[in-house]
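The values are calculated or read from the model by the stated rules, or taken from the named source; none is laboratory data. Given the structure is predicted, the values throughout are model-derived calculations rather than measurements. We place every Cβ from the backbone using ideal geometry, glycine too, and count neighbours over all the protein chains shown. The accessibility values were calculated without ligands, DNA or RNA, using every heavy atom of the protein model including side chains. Shrake-Rupley method; radii C 1.70, N 1.55, O 1.52, S 1.80 Å.
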Amino acid sequence: MLTLTIDGRQIEVKEGSTVLQAAREHEIYIPTLCDDPRLEPYGGCRLCLVQIEGVPRPVTACTTPVSEGMKVETTNEYIEGLRRTVVELILSDHPNDCMVCEKAGDCTLQELAYFYGLRENRFRGERRQYAKRDANPFIERDMEKCILCGKCVRVCEEVQGVSAIEIAYRGFNAKVCPPFEKDLDCEFCGQCVSVCPTGALMGKLSLGKGRQKDIKKVDTVCPYCGCGCNLTLHVARNEVIRVSSSPETLNEGWLCVKGRFGFKFISSPERLNTPLIRKNGRFEEVSWQEALDHVAERLGGIRDRYGPDAIAGLSSARCTNEENYLFQKFFRAAVGTNNVDHCARY
Amino acid sequence: MVGLATVFGSGAMTNSIPEIERNDLIFVTGSNTKENHPIVALRMIKAVRRGAKLIVADPRKVPLVRFATIWIQQRPGTDVALLNSMMHVIVKEDLVDRDFIASYTEGFDDGFLKSLEEYTPEVGERITGVPKEKIIEAARLYAGASNPGIYYTMGITQHSHGTDNVFCIANLALMTGNLGKESSGVNPLRGQNNVQGSTDMGCSPNMYPGYQKVTIPSVRERFERLWGVKLPEKEGLVASEMFFASGAQKVRAMYIMGENPVLSDPDVGHTVEALKELDFLVVQDIFMTETAELADVVLPGACFAEKDGTFTNTERRVQLVRKAVNPPGEAREDSWIITELSRRLGYEMKYNRTEEIFHEIGMAWPAMAGMTYSRLDEEGGLQWPCPTQDHPGTPYLFKGGFPRGKGRFTVVKYRPPAEEPDEEYPFVLTTGRQLFHYHTGSMTRRVEPINRVSPEPYMEINSEDAAELAIEDGAMVRVSSRRGEIRLKARLSKRPDRGVVFIPFHFREAAANVLTSSIALDPLCKIPELKVSTVRVEKV
Amino acid sequence: MENSTILIKVCMGTGGIAAGGTEVISAFEKELQAEGISAAVEKHCSVHKVGCRGFCARDVLVDVLIDGEKTTYEYIKPDMVSRIVKEHILQGEAVQEWVVKDDYRTFHEKQRKVVLSDCGEVDPEDIGSYMERGGYDALRKVLTSMTPEETIEVIKSSGLRGRGGAGFPTGLKWEFARRAPGDTKYLICNADEGDPGAFMDRSIIEGNPHSVIEGMVIGAFSMGAHRGYVYIRAEYPLAVERLRLALEQARKKGLLGEHIAGTEFSFDIKIKLGAGAFVCGEETALIASIEGKRGMPRAKPPFPAQKGLWGKPTVINNVETLANIPYIVRNGAGWFAQFGTERSKGTKVFALTGKIKNSGLIEVPLGIRLHEIVHDIGGGIEGDRKLKAVQTGGPSGGCIPAEMIEIPVDYESLAEAGSIVGSGGMVVMDETDCMVNIAKYFLEFTQAESCGKCVPCRIGTKRLLEILTRITDGRGRPGDIELLESLSNDVRAASLCGLGQTAPNPVLSTLRYFKAEYEAHVHEKRCPAGVCKNLLTYTILEEFCTGCTMCARVCPANAIVGERKTPHRIIQDICIKCGACFETCKFKAIKKG
């Protein structure tokens, strides 16, 4: 453990921590746009600049390791002036169309603009103009809103191991894009969408489906493979419109294409929505009363005639523990047979 | 699971997913982890970035190979030879963990040691097609690591000798003492969200919840007391037998909840026939699946987003599922449907809330007795065993010993797969999943954007084989086996080796399981050999 | 001449070749053969190609040495060779009218050549030629009689500082890397010379590549590296080729590779071509580029000496720094330290360009007065106009105004004046240069070369350029000068790497010394130097105009009207300010301003 002083407070932190980590651990707020604790420090947005006694120029808290006795100042007029300039510069090259932006209400840039009260902009000038034209079905890429924080590029390389995107061109024209500016063709895990601090990367499925404030969030578990990733379902008007995952979960907030974008089956018009009984070779819609009575009668009849072992059940690796428990209990206790299995017990 | 349960006395991932980060060696075999367990693969990539070595053994150049230190491309179905050969090297170079063997295992010197003698790297190379240098290097890497983890899936188990494969993996871990500690173990990755749970819950013809055998009278009596009813004494039929049983054993009625065996089980033709022969078939599902189409009664269930409950993931972690939306129309939660049916059959199950069922599970199986919904909520899930309210759960198994006492070495001899290529059927077909779709596609194929990036069935074939058959990329081919034939597009690729083709089984319009065999089963656990069948490929 | 030794050296640097060096060499070979000289006195007469000796403006430069007595010719073309052979080589009489003049002597007089001492003397494509002059002696000495620590000590006490720009003590850098834990370490030679107008490193590699290689091997031995890279611009094909050849020759001689000079020490060098990104001169960006990633800098610490290439301790030295090493080892730290000032030891190579009479590559002792460079070496301002400023340090540097011409050229003094030594660019400006325009020129460069990673550099330099552009376009607004200054300071303070941190320097230093010029642009819409087009008006002074009609005839816009023999008039709405009339008028009747 090391002792250092941040804004006059003496604190203890683990050796090898960065100033930003140290500050966060002790709930000292330092603004950031390009930091994600799950990714390698980047130092690109320059918002986390702090002053350290004995160091001639301000340094980024996210990349600076702590040292014994270090004296850090995270806020003062000078530092806030620099941060203000940085946000102002970003906004001078941003569409600022929050009224219609999908990200409004969940946008870090919007928060910072609000925080620094940036209504006017001293640096108004040329703005990047790009056509939105990525034809992939999952990810909307509005590069005019990109602030080049590089999180998407890093998550794609460091976490997903895919490197589908990189920063191309230089200077003001720098732009995140797939090779040769083709349409995105990747694993579509949407990790990039999940880390984007602005509206540059959004899931296409949720566009126009509801404002952030109207969304109910429900934590649950992914219905696909056995990893058990934690999902947060975003619900608007009894429809799941988006899936996210919190960084504090088992899966560290990462999901795959199925987990993140494979939710539309829930509201599919093909969902079965009424019991059906085959009558004269065709399915007919019936009431639950009729359906359940009919099943009980037929199963009861077969049990009476051939014995309980003439009935078998296949349960589902897709259903909950509770349902599986009830299913086998139903077969053993209600039907009276051990003929119960599920398809993937191997 | 039978394999691991035999060796250790319990069958599940011995370690947890976060522990992968601290593996210094990762041995992935028969698992296309990057596509089928993407988030587990991310932990592996993270470990590799931190300096861990990665061995991938797979007949196909799966995406994880890109991160691998070595890639072993064994011929499909030759895993026993590969693993035995690795163990031969480990013995020969004296890389075994004598202390561990002495303290925690049995059967090492009784024939097991001798059984490895014939599997020299040269023999390994001849059977598997893997250069012997690679076998030796892999053996050294594994045995030389301090925290190695083995990860496998259906590429190991879906064979007529699947249990043998699992025995070999267990032998390898036991002889090097790589079990019972953090980040070292044997880890089967479960392919469906709650396979672990449905196995735990006793949806097996021979086991009650918690792997308790139905044939042991004292166990049965305990369940009779819990459920207040007399219970059947003999074991039931396993899934594959349900479709084969005849005569007195013949099944007349089936109740299938949330499964689509028509597409997921081998030999589609046979499965459809068996289902049609039933007097009565009830299917409970969220979509009109290929199986539901054959039913007499179809009951609309609720999907995961429409109900409360728990799932148990591949690392034995029980986690809360929460209701977010209402089911469509008249669709109802499956638990409601089951209890309604049960009442009508004269057995009342009464629960006011889902958590009451969960509480009863804890009474049936002590390993989950310490869990409550509020604990699961606060602690982000709990890994069984968790016997008491103050137990923190168990991230890794077998610390200080195995449930069955000592870990047992098993002598395993290489047996070729049930079908081997011949003139009529010269290609080995291996089946599996791909990244975008899931299982029989009943969910993902109804997700429009997913269907746009992966719209149709295809067969991966080595470009050189394709050239010989004058098959171009995207050309339609007919693939036939002794069971049937399908038509689909060819995808030329470097992924499969020569002589091997791969078909994902998600697509009903060219169901891979039309081709697979329902007869080639593992003798112990009855798993079908979905990873090796022989086929003929023709241009149409 | 039969018993004389005759040596002909033809300048074959990029400059020499461009001026026709290759043709001059073959002309010599042909002429000598035609005269039967090769047959008669073959071993006594040879023609060599040599690298740049600095005075590129006079290329092709040819030395003719007869028994060691050197005559230098300038502006030589192939058709002049025959006369030189006939008169000078055969008859011993130099062709006086082609021999260099007195300014060639003054150009060299105040220079002190260490790094360049063998450039222009040795044949860069022949390792033997370098070895004859003591090349690789230093390496043998280090490997056979010195420890790494002793070597580092020599470099430390010589006071050598990094010549790439930052001026960090080289010996100290080596020591850090030596002390960094780990067996795998790397030494990288940064030959990604990117400043516009700079060609110091290129000339050294073209003129004497072995000095760089020798320096690298000594450095590698000192720090304990076994693999090195030369990161060099792909736009330097000749340098790359000569370096490649030199590496091969050094390997053949056992001076590179396994067991160098028969000792236990092994080290080899790989060439890595850079794709011409200015930012790759920044060491962390350079490392990323070698690793195959986008050339983008990262924050320091960790410094490359702790965590560099592939995460291993890495030293990055500039070409000139490394080329100094063999001479320091050979002649001793004390010898080197005699040049320069207390804190800036040794010599520095500069690329002297701009409005100066003698432009070229020069090497001067640090601490020399700027005046001496401009007036003695450079020979003063072109056209005898007035000196206005000297820009040093390229796009990261600043301007020294004419009033400060007596300033000593060393790291400290230049920094104090708001500029830097930098890698060695030196541009002389006169009264016809507009300082706002100069600042804009450099910002155009840095703005385009920013990697785009950090906000202040990516957007900040863009906005600085936009403000400068509107000022020079005559659209400057009140408050723009203050905005320029404040944004410059913020970009300087908040940027991630050296590129962004120094990009505002040309703005800040011109604001410091030439604020009035900015004010004239903004408030009076006037460019005092007459450079900024939109702020110019050309008018005809009636009292001088003779009505010769020349101006009307050259005007591409037909903006000039008037009868013959009567004063003409420019129609301002049509004038495109090309200046053609101004250039044409013989009577100084056209006023610009």
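Which of (1) under 26 Å from residue A:298 (Cα atoms); (2) crowded, with 24+ Cβ neighbours inside 10 Å; (3) at the interface with chain A (Cβ under 9 Å from one of its Cβ atoms); (4) in contact with a Ser or Thr (Cβ under 7 Å, 6 or more places away or on another chain) does residue B:283 not meet, given it meets every other one?
It is condition (3) that residue B:283 fails.
So which residues in region B:327-350 are within 28 Å of residue A:239 (Cα to Cα) and not β-branched (Val, Ile, Thr)?
B:327, B:328, B:329, B:330, B:331, B:332, B:333, B:334, B:335, B:336, B:340
Quick one: how many residues across region B:384-425 are in contact with a Phe, Trp or Tyr (Cβ under 9 Å, 6 or more places away or on another chain) and within 20 Å of residue B:196 (Cβ to Cβ)?
8
Among the residues of region B:509-521, are any assigned to a strand (DSSP E or B) and either modelled with pLDDT under 85 or surrounded by 20 or more Cβ atoms within 10 Å (Cβ to Cβ) (or both)?
Within region B:509-521 (the criterion being assigned to a strand (DSSP E or B) and either modelled with pLDDT under 85 or surrounded by 20 or more Cβ atoms within 10 Å (Cβ to Cβ) (or both)), the answer is yes, since at least one residue qualifies.
Which is hydroxyl-bearing (Ser, Thr, Tyr), closer than 23 Å to residue A:41 by Cβ and assigned to a loop (DSSP other than H, G, I, E, B), of A:85, A:75?
A:75
Quick check: is even one residue across region A:86-93 in contact (Cβ under 8 Å) with a residue 40 or more places away in the chain and over 33 Å from the mean Cα position of the chain (by Cα)?
Checked against the condition, which is being in contact (Cβ under 8 Å) with a residue 40 or more places away in the chain and over 33 Å from the mean Cα position of the chain (by Cα), region A:86-93 yields no hits at all.
Taking region B:401-425, which residues are acidic (Asp, Glu) and at pLDDT 90 or above?
Across region B:401-425, the qualifying residues are B:422, B:423, B:424.
Would you point out the residue of region C:426-441, among those that are open to solvent by 10 Å² or more (accessible area, probe 1.4 Å) and not acidic (Asp, Glu), that is nearest to the chain's Cα centre (by Cα)?
Ranking the qualifying residues of region C:426-441, first place goes to C:427.
Can we say residue A:84 is open to solvent by 60 Å² or more (accessible area, probe 1.4 Å), within 18 Å of residue C:490 (Cβ to Cβ) and not assigned by TED's automatic domain parsing to the domain that holds residue A:20?
When the stated conditions are applied, residue A:84 passes them.
Within region B:189-199, does at least one residue satisfy the condition of being more than 8 Å from chain A (Cβ to nearest Cβ), out of contact with any helix residue (DSSP H, G or I) (no Cβ under 7 Å at 6 or more places or on another chain) and either more than 30 Å from residue A:328 (Cα to Cα) or assigned to a loop (DSSP other than H, G, I, E, B) (or both)?
Looking through region B:189-199, none of the residues is more than 8 Å from chain A (Cβ to nearest Cβ), out of contact with any helix residue (DSSP H, G or I) (no Cβ under 7 Å at 6 or more places or on another chain) and either more than 30 Å from residue A:328 (Cα to Cα) or assigned to a loop (DSSP other than H, G, I, E, B) (or both).
Of everything in region B:242-257 that's of a type outside the set (A, V, I, L, M, F, W, C) and open to solvent by 40 Å² or more (accessible area, probe 1.4 Å), which residue is nearest to the other protein chains (Cβ to nearest Cβ)?
B:252
Could you check region A:32-60 and list, in sequence order, the residues that are within 11 Å of chain C (Cβ to nearest Cβ) and hydroxyl-bearing (Ser, Thr, Tyr)?
Result: A:42, A:60.
For region B:373-419, what are the residues that are open to solvent by 60 Å² or more (accessible area, probe 1.4 Å) and among the aliphatic types (A, V, I, L, M)?
Once the filter is applied, which keeps residues that are open to solvent by 60 Å² or more (accessible area, probe 1.4 Å) and among the aliphatic types (A, V, I, L, M), region B:373-419 yields B:411, B:418.
Go over the candidates B:322, B:375, B:317 one by one and state the one that is of a type in the set (D, E, K, R), within 21 Å of residue B:194 (Cα to Cα) and more than 9 Å from chain A (Cβ to nearest Cβ).
Going through B:322, B:375, B:317 in turn, just one is of a type in the set (D, E, K, R), within 21 Å of residue B:194 (Cα to Cα) and more than 9 Å from chain A (Cβ to nearest Cβ): B:375.
Taking the stated definitions as given, is residue B:186 within 14 Å of chain A (Cβ to nearest Cβ) and either among the hydrophobic types (A, V, I, L, M, F, W, C) or on the phi > 0 side of the Ramachandran plot (or both)?
no
Between residues in region B:432-444 that are at the interface with chain A (Cβ under 7 Å from one of its Cβ atoms) and residues that are among the small types (Gly, Ala, Ser) and in a loop (DSSP other than H, G, I, E, B), which pairs lie under 7 Å by C-beta distance while being six or more apart or on different chains?
B:436/B:454; B:443/A:262; B:444/A:262
Identify, please: which residue in region C:263-297 is in contact with a Pro (Cβ under 8 Å, 6 or more places away or on another chain) and among the charged types (D, E, K, R) and is, among those, farthest from residue C:226 (Cα to Cα)?
Among residues in region C:263-297 that are in contact with a Pro (Cβ under 8 Å, 6 or more places away or on another chain) and among the charged types (D, E, K, R), the one farthest from residue C:226 (Cα to Cα) is C:282.
Does residue A:182 qualify as being open to solvent by less than 50 Å² (accessible area, probe 1.4 Å), more than 12 Å from chain C (Cβ to nearest Cβ) and among the basic types (Lys, Arg)?
Criteria not met by residue A:182.
So which residues in region A:242-294 are of a type in the set (Ser, Thr, Tyr) and out of contact with any His (no Cβ under 9 Å at 6 or more places or on another chain), if there are any at all?
Scanning region A:242-294 gives A:245, A:246, A:249, A:267, A:268, A:274, A:287.
List the pairs whose first member sits in region B:455-471 and is at positive phi, whose second member is open to solvent by 60 Å² or more (accessible area, probe 1.4 Å) and not β-branched (Val, Ile, Thr), and whose Cβ atoms are under 8 Å apart, counting only residues at least 6 apart or on separate chains?
B:470/B:539
Considering only residues that are modelled with pLDDT of 90 or more and under 30 Å from residue B:523 (Cβ atoms), look in region B:1-29 and name the one that is surrounded by the most Cβ atoms within 10 Å (Cβ to Cβ).
B:28
Of the residues C:257, C:274, which is without any contact (Cβ under 8 Å) to a residue 24 or more places away in the chain, open to solvent by less than 60 Å² (accessible area, probe 1.4 Å) and over 30 Å from residue A:55 (Cα atoms)?
Answer to the selection: C:257.
Given the options C:463, C:470, name the one that is in a helix (DSSP H, G or I), facing chain A (nearest Cβ under 7 Å) and modelled with pLDDT of 95 or more.
It is C:463.
Starting from region B:122-150, keep only residues that are surrounded by fewer than 24 Cβ atoms within 10 Å (Cβ to Cβ), then list their pairs with residues that are among the aromatic types (Phe, Trp, Tyr) whose Cβ atoms are within a distance under 8 Å, requiring at least 6 positions of separation or different chains.
Filtered contacts from region B:122-150: B:127/B:414.
In this structure, does residue C:421 turn out to be buried (at least 20 other Cβ atoms within 10 Å of the Cβ) and either assigned by TED's automatic domain parsing to the domain that holds residue C:167 or assigned to a loop (DSSP other than H, G, I, E, B) (or both)?
Judged against the criteria, residue C:421 is a match.
Restricting the search to region B:290-304, which residues are more than 25 Å from residue B:507 (Cβ to Cβ) and open to solvent by less than 10 Å² (accessible area, probe 1.4 Å)?
B:297, B:299, B:302
May I ask you to list the residues in region B:200-241 that are more than 7 Å from chain A (Cβ to nearest Cβ), assigned to a strand (DSSP E or B) and surrounded by 15 or more Cβ atoms within 10 Å (Cβ to Cβ)?
Within region B:200-241, B:207, B:208, B:212 qualify.
Just give me the residues in region B:452-474 being open to solvent by less than 20 Å² (accessible area, probe 1.4 Å), more than 14 Å from chain A (Cβ to nearest Cβ) and part of a loop (DSSP other than H, G, I, E, B), in sequence order.
B:457, B:471
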